[in-house]
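For reference, the structure is listed below as structure tokens.
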Amino acid sequence: MSAGTLIARRSIRARWGRTLAIAFAITASVSFVVGSFVLADSLRATFDNLFQELNANVDLEIRSAQQFTTDDARDPIDVAVADSIRGVDGVAVVEPTLQRYAQLLDPSGKVITPAGGPTFGVSWEGDNGISGLTIKEGRAPNGPGELAIDKATADKEGLGVGDKVSYLTDSGTFSGTITATVGLGSADSFGGAQLTVLDLDTALVNLGADGKVDAIDVKVADGADVATVQRSIERVLPPNAEAVTGAEVAQETSDQVNQFVDVFGTGLLIFAFITAFVSGFIINNVFQITIGQRLRELALLRAVGASGRQVRRMITLEAFGLGALSTVLGVFGGLLVARGLIALFDAAGAGFPDTSIVLEPRTVIVAAVVGIGITMASVIVPSRRASRIPPVAAMRPELGFVAMRTRRLVAGAIVTMVGLTTFVIGLFVRPGGTTGLIALAGGGALLLFLGVASLSSTIATPVTRVIGWPIEKLFKIPGALARQNVARAPRRTSSSASALMIGVALVSSTAVFASSLRASLVNTLESAISADYIVTDQSFQGLSPVVSEKLAAIPELDAVTPVRGVTGQVDGNTKNIGAVDPVAFDKLVNPDLLQGTVADLGLNELLLQKDPAKDLGVTVGSTVDVTFQNGVTQTLTVAGIYADATFGNWLISLDTLAEVSDAPARDFFVIAKLADGVGAATGDAAVEAAMAPYPQANVQTNAEFLDSQEAQINQLLLIITMLLAFAILIAILGISITLALGVFERTREIGLLRAVGMNKRQTRRSVRWEAVIVSIFGAFVGIVVGTFLGVVLSLAVPDDVISKLAFNPSIIIIILIGAVIAGLFAALYPSYKASNMNVLEAIATE
Amino acid sequence: MSTPAPPAPPAPPAAPTTVVPGGTAAAGSIDARKTYGIGDSQVHALDGVSVSFETGKFTAIMGPSGSGKSTLLHCLAGLDTLTSGATFIGDTYLASLDDKALTELRRTRVGFIFQAFNLIPTLTAEENIKLPMMLGGDTGDKEWIDHVITTVGMGDRLKHRPSELSGGQQQRVAVARALASRPQIIFADEPTGNLDSVTGAEILSFMRNAVRDFGQTIVMVTHDPIAASYADRVVFVGDGRVTGEMIDPTTDQVIDHLRNWD
Ligand SMILES: Nc1ncnc2c1ncn2[C@@H]1O[C@H](COP(=O)(O)OP(=O)(O)OP(=O)(O)O)[C@@H](O)[C@H]1O
Ligand SMILES: [Mg+2]
């Protein structure tokens, strides 16, 4: 074994506390990274399997064609088409499928809401070898008085075959006897969804399908060629219908779901990388300090003939060893993280069918790059410095420290500026779309953090003196010692506080963003919308049009409009188009009209926001051709131009929508206004009475809506903080280990203080308050940087989302209190170490 | 020590004015100057030192605190650089070497023993002894290393860490390390400064034996007249200059010489 390897190995073993801290930081980061990948991969595999299983026996599916790819629902297809297909040669089984909103009711008439999933009513013609549904117990429902439900819901609600149960659909409330519990293959649940299963005829009526089904599944006869049958079917299909294979459908469906998985996985990954970045800081700091402590040892090595390169290699090797070992641990940790998260989802009711953990080779490679990469990257500077220690430092350590200094401030300032510029360019110029935005803004922010971390050492001494002042007043000698110890090593203070700074900066920038979002929302609700009620959907499928119809019928309400949406293509570009009742909309919303009126918006007319109007070069009276997914192309006449984009850039009337789309109408939400002279209490009672049969409709007053939006914003803040928990934990660990190393360095000093009469309690206190000062300092810099980033971020967001900056002082106070707690926590081990050292031995230490 | 002091010998001649590398000189310096600081706070740690150390001899360097002994030793051993002048080992001028060559020189041609903190704390005694060879990527002369280890009497403590060894044992390991690679010259800076007289005597005899039996060249800085008496020659330094020398010194002669200083 070479000398370098030997010394590196010994060093890892001899410095256990440090080794463990570093290993923990890397392992945690790698676990997080691996966990994010594994979770996303596993979910993807699960959904792929799920949809494959669902479509396993479907050879062909008949459905209406889509002109372009969109998430809009396809137009339904006439159930009579099924009969014409039955006659086609080679067709064995034909099953029309229908899936609409339906939700089970408990005996008191309240809806049974599953923990996380949607609720569906589906048609089923029994086990004909084509559907993915399997009977767990009982027999398929037959007739209007019967239904089946999924076994997971049955078990949870204590329902079983023979029980009578009511269910709610868009057409009303129905009831029936449970004839079966069903599952999907071996699973009891359908990804957490609640299922009400009816026979086709019942479903067509009760689910409000109007004689139309979503699609028609076909199984070909044994020995028949699928492609041939497909061609034969296509010949009998009405125009704008298509026949595709079951495999294609499975792929499309899982691709759609996987879009969400991708977003979710990427989100997790971003936080995993933040954690890794923070770990890099800690590792860098720890190596920096230990190299200072090993200065004589390293100089001695140089004196007996080690080259600078050998010293550097030795330290790099040490880091590599730690990085590699922790990466291995991290991969296993990541599997645990993924399992834990899946268990968490399951507990929340997601009900994944037998999710198997998928560890792709790519994940392992990324883990190694991250784990070994961050360790090696964070040791570049310390090892370079170590290699510059002159051999004389073995005798005169002070010479070694001089040699180790670098021009940190200049570098720090440059990095800060570059980071800031990149961040701003990323947000405002946005080259390269979303990827460019994330890369530039993210990379810029990271550089900014690096720069600020090194610059913050210049303000560390004065700022910590101020932070320490009340502590000194309160705790006398221990407080004074803490204050001095922090102030005398500004560089170390700033680097050990930096990790916390990053976490706090991210939380506080989110806080600024969230407060601004809320303020802008309040602004919009106050100035642009004069609605008294906002009805939102809780079923994930959009509101049934029945809801707005019922509300419109109440005399206490003056104006009611649903807000619907559809996508259409203009010159090949996909646009989101909103559809409203113009008369009601005019009374409810002030879109800041520049030309034309809202109330007069007629059939095949269009209201355009001024920006797209300018882009298209159209004015009032111009026409625009819009193609919809079902193939309909409609020429719309611009009837008005408006400025406020709260309700989107394109608006048409509900009548126009009905003209161009056959898809079942679903409303995003409904807004309504009280009639003149009707009191709030009267109005509330009337609305409540009208909405009683529609629990999926969530009726909120203006104020309640704002509260719920605020709750959502706060929840976002909480989730982000939770995702930063790993990073913050590592930051606290970093402060702890820096402090422990500091205590070790000051062994002699502490021994002397103890010898002249400082008691254990005072020793503990001085270390404890030192930690608190450092973490408050980190929080302080973090709040400043984060608020700044939050402001830039809020300014970068389009005005229709954030139009107003706002700050939330209570979050700053919470962060500062958190910092004190973090400091106390970080001090546990070092203060114990400091107060329990043997006084005599301590003094004898060189 | 118990014998009464003999009359003081005549003051030795001043150091030779011409020193050349090679020949019988294992190492030396020519008009070596080392200045610290600038302006008013300038310190001339070495103020024109020309001295040579003969091969196969044990030379002691003595002088008051701050006279530049350590500085001289560091510059001779290639641990530090001069402000002006030259130092050489064998026929190699150190100034002509880059960092890589200097490192190589320290590893293969020079041994160094400090007053304290000689050993890497995480390595065992044996590993510390073999360290220069390991750094060079070779195993060294095994027989010779075994011999050195037996001679310093550390055979049974080889697997111990420095923290488990006494001060004297640590210095013996340091001496063994310096000898193990058979360097051209060993520099020792107060190697017995931290030891009691008995342990110190052991180390010193051991160093003298190495010179006598193996022809090792050793240059040692010391404040102790007894330690100096182990040497073949003493060079006296004061204020960064060579102020005198003494051949085959006895303890009493050295004491007398030092007394004459005041
Ligand atoms: N890095 C330095 N910076 C400034 N002055 C220095 C430095 N190193 C040594 N000196 C000065 O150089 C002079 C010689 O120092 P040196 O260590 O060589 O003395 P010494 O003879 O070894 O002393 P001692 O017997 O106390 O070990 C002293 O005056 C010392 O203060
Ligand atoms: Mg000295």
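The values are calculated or read from the model by the stated rules, or taken from the named source; none is laboratory data. In this text the structure is predicted, and so the values were computed from the model without any measurement. Positions of Cβ are generated from backbone atoms using ideal geometry, with glycine treated the same way; all protein chains shown enter the neighbour counts. These accessible areas exclude ligands, DNA and RNA; they are computed on the full protein's heavy atoms, side chains included. Shrake-Rupley method; radii C 1.70, N 1.55, O 1.52, S 1.80 Å.
Observations
- Within the range A:797-821, the set of residues being assigned to a helix (DSSP H, G or I), touching a residue at least 60 places away in the same chain (Cβ under 8 Å) and either in contact with a strand residue (DSSP E or B) (Cβ under 8 Å, 6 or more places away or on another chain) or open to solvent by 10 Å² or more (accessible area, probe 1.4 Å) (or both) comprises A:ILE811, A:ILE812, A:ILE815.
- Residues satisfying the stated conditions in the range B:171-206, i.e. on the phi > 0 side of the Ramachandran plot and more than 16 Å from ligand 1 (Cβ to nearest atom): B:ARG182
- Check on B:THR92, under 13 Å from the mean Cα position of the chain (by Cα) and away from ligand 2 (no atom under 11 Å from the Cβ): no
- Out of A:THR266, A:THR327, A:THR290, A:THR253, sole residue that is within 14 Å of chain B (Cβ to nearest Cβ), of a type in the set (Val, Ile, Thr) and either open to solvent by less than 40 Å² (accessible area, probe 1.4 Å) or within 30 Å of A:THR46 (Cβ to Cβ) (or both): A:THR290
- Test set (1) assigned by TED's automatic domain parsing to the domain that holds A:GLY87; (2) within 19 Å of A:GLY631 (Cβ to Cβ); (3) within 39 Å of the chain's Cα centre (by Cα) - A:PRO238 fails condition number: (3)
- Single condition A:THR623 does not satisfy, out of (1) at pLDDT 90 or above; (2) surrounded by 15 or more Cβ atoms within 10 Å (Cβ to Cβ): (2)
- Flag for B:SER65 being within 12 Å of ligand 2 (Cβ to nearest atom), at pLDDT 90 or above and either farther than 22 Å from B:GLY48 by Cβ or among the small types (Gly, Ala, Ser) (or both): yes
- Filtering the range B:217-233 to residues that are within 16 Å of ligand 2 (Cβ to nearest atom), away from chain A (no Cβ under 14 Å) and touching a strand residue (DSSP E or B) at 6+ places or on another chain (Cβ under 8 Å) leaves B:VAL219, B:MET220, B:THR222, B:HIS223, B:ALA227, B:ALA228.
- Scanning the range B:49-75 for residues that are open to solvent by 10 Å² or more (accessible area, probe 1.4 Å) and aliphatic (A, V, I, L, M) yields a total of 0.
- Condition met for B:ILE185 (more than 11 Å from every other protein chain (Cβ to nearest Cβ), closer than 18 Å to B:MET207 by Cβ and in contact (Cβ under 8 Å) with a residue 60 or more places away in the chain): yes
- Taken residue by residue, the range A:426-440 has at least one member that is at pLDDT 85 or above, part of a helix (DSSP H, G or I) and within 30 Å of A:ASP799 (Cβ to Cβ).
- Enumeration of residues in the range B:79-105 that are within 23 Å of B:ARG233 (Cα to Cα) and within 16 Å of ligand 1 (Cβ to nearest atom): B:THR87
- Members of the range B:155-173 found to be hydrophobic (A, V, I, L, M, F, W, C) and within 17 Å of B:VAL198 (Cβ to Cβ), listed by number: B:LEU165
- When B:ALA45, B:ALA101 are screened for being within 14 Å of chain A (Cβ to nearest Cβ), within 13 Å of ligand 2 (Cβ to nearest atom) and touching a strand residue (DSSP E or B) at 6+ places or on another chain (Cβ under 9 Å), only B:ALA45 passes.
- Residues within the range A:15-58 that are within 14 Å of chain B (Cβ to nearest Cβ) and not in a loop (DSSP other than H, G, I, E, B), tallied: 3
- Every residue from the range A:139-170 that is among the acidic types (Asp, Glu) and touching a residue at least 60 places away in the same chain (Cβ under 8 Å): A:ASP170
- Condition check for B:ARG157: free of Cβ contacts under 8 Å to residues at least 60 places away in the same chain, away from ligand 1 (no atom under 16 Å from the Cβ) and at positive phi: no
- Among the residues of the range B:68-82, the ones that are away from every other protein chain (no Cβ under 13 Å) and at pLDDT below 90 come to 0 in all.
- For the range A:2-14, the count of residues that are open to solvent by 20 Å² or more (accessible area, probe 1.4 Å), more than 14 Å from chain B (Cβ to nearest Cβ) and in contact with a helix residue (DSSP H, G or I) (Cβ under 7 Å, 6 or more places away or on another chain) is zero.
- When we screen A:GLN762, A:GLN709 for residues that are within 30 Å of A:ALA531 (Cα to Cα), crowded, with 17+ Cβ neighbours inside 10 Å, modelled with pLDDT under 85 and out of contact with any His (no Cβ under 7 Å at 6 or more places or on another chain), the only hit is A:GLN709.
- Of B:GLY111, B:GLY136, all but one fail to be touching a Ser or Thr at 6+ places or on another chain (Cβ under 9 Å), closer than 27 Å to B:GLY200 by Cα, at the interface with chain A (Cβ under 9 Å from one of its Cβ atoms) and surrounded by 17 or more Cβ atoms within 10 Å (Cβ to Cβ); the exception is B:GLY111.
- Residue count for the range A:765-796 satisfying the condition of being under 30 Å from A:VAL522 (Cβ atoms), over 23 Å from the mean Cα position of the chain (by Cα) and open to solvent by 40 Å² or more (accessible area, probe 1.4 Å): 2.
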